[in-house]
Amino acid sequence: MTIDLHVHSSASDGTLRPREVVEAAAAAGLRVVGLTDHDTTAGWDEATTAGEHLHVRVVPGAELSCRAGGVSVHMLAYLHDPEDLDLSGQCTGLRRERLDRARRMVHLLAADLPIRWEDVEEIAGPGATIGRPHLADALVALGLASSRSAAFATVLHPTSPYYVRYWAPDAVTTVRRIRAAGGVAVLAHPRARLRGGRLVTDETIAALAAQGLQGLEVDHREHDDADRRHLRALAADLGLLATGSSDFHGAGKPNLIGENTTRPEVLEALEALGKAARDQRP
Ligand code: AMP
Ligand code: MN
Ligand code: MN
Ligand code: MN
């Protein structure tokens, strides 16, 4: 049974529709796929319906931007109630922050390059969680960059004068909200440098575990063998689940669907935690 617990669709910054992501999962021989778009659950229904037709189990999730110990991190939420007001409110707030920030970046870019906000809107489509990948795609479509990666390495890089930060909530609050919403909280790619800066420390991860964090994403493209060994041992020490996933973005990144996977007993434990959280809700 092949399980990939972290992939993106056009509901955020993936290039495939949710249905197409599930088709790609089926074509790659996956039995289970976790749809974890940035700060939204908008792709869940389409993906779940496609999964029923294609006999792929879709684990509904989301990847939430937050901050831990002064560092930007991404928190994976699985199996939560998409209508929980605190968590869905946090996502709505984040999407608004991201939109604001993207508009500001386009405003700065437009001083030097022939790009307009409408170009980005057209690329992202209605309702998608906006991110730098959409700016990158607009730059490529306008002939102003050769690829997403080239845009990320230059004008969209955190050190670029066009880069603008966006506010994100605290990771402890995020973990609490995920659990209160009947979900399971897994720290995404702890050893990936999100802004080229500092990494989240083991002490911060231990503090998060004490506050309810339930898993670490260990097997991920941006972790080398030493990172994986270290994180696997840390997860064992702290009693956390160790997941693995591709972080597939369609054509938007080199990551191939199913390139890293999660063991079946880990998914089973994750689902049991989700059930326990739902059973505890008032
Ligand atoms: P943002 O959250 O808007 O700052 O954008 C970060 C997103 O861009 C991440 O979620 C990644 O999926 C994506 N990303 C980061 N680096 C690259 C890259 N070099 N090529 C393509 N996508 C990238
Ligand atoms: Mn992304
Ligand atoms: Mn991420
Ligand atoms: Mn991701």
DSSP beta bridge pairing in the chain, given as percent antiparallel to the nearest 5: 40 percent
Which of 144, 241 is most accessible, then next, and so on - probe 1.4 Å: 144, 241
Label-to-label distance, nm, for residues given as residue 280 and residue 195 (7 Å Cα→Cβ offset): 3.2 nm
Top positive-direction residue, dipole computed over region 94-222 with Cβ charges, set 194, 147, 123: 194
Paramagnetic reach from residue 110 (point 7 Å along Cα→Cβ, amide N under 18 Å) across region 137-151: 137-144
Helix 171-180 vs. the chain, principal-axis angle (Cα, 0 to 90°, nearest 10): 50 degrees
Farthest positive-ward along the chain dipole, Cα basis, beta-carbon charges - from 93, 110, 220: 110
Choice from 249, 189, 107 with maximal GNM fluctuation in the chain (Cα, 10 Å cutoff): 107
Cα-centred dipole magnitude for region 149-282, charges only on beta-carbon of K, R (+1) and D, E (-1), debye, nearest 20: 480 debye
Computed over the chain: relative contact order in percent, which uses C-alpha pairs under 8 Å that are six or more apart: 23 percent
Where 167, 44 fall by accessible area, highest first, once all protein chains stay in place (1.4 Å): 167, 44
Portion, in percent, of the accessible area of the chain that falls on carbon or sulfur, probe 1.4 Å: 51 percent
Nearest 10 degrees, 0 to 90: helix 225-238 Cα axis against the chain principal axis: 50 degrees
Solvent-accessible area per residue for the chain (1.4 angstrom probe, square angstrom): 44 Å²
For the chain, size of Cβ-based charge dipole, Lys and Arg +1, Asp and Glu -1, in debye: 600 debye
The chain, helix-only ellipticity at 222 nm - DSSP H runs n ≥ 4, -39,500 (n - 2.57), divided by all residues, nearest 500: -13000 deg cm²/dmol
Overall dimensions of the chain as given by Cα atoms, namely Rg and Dmax in Å: 18.0, 55
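The values are calculated or read from the model by the stated rules, or taken from the named source; none is laboratory data. All of these numbers come straight from a predicted model, not from anything done at the bench. Methodologically, a virtual Cβ is constructed for each residue, glycine included, from the backbone with ideal geometry; neighbour enumeration extends over all protein chains shown. Accessible surface areas use protein heavy atoms only, side chains included; no ligands, DNA or RNA. Shrake-Rupley method; radii C 1.70, N 1.55, O 1.52, S 1.80 Å.
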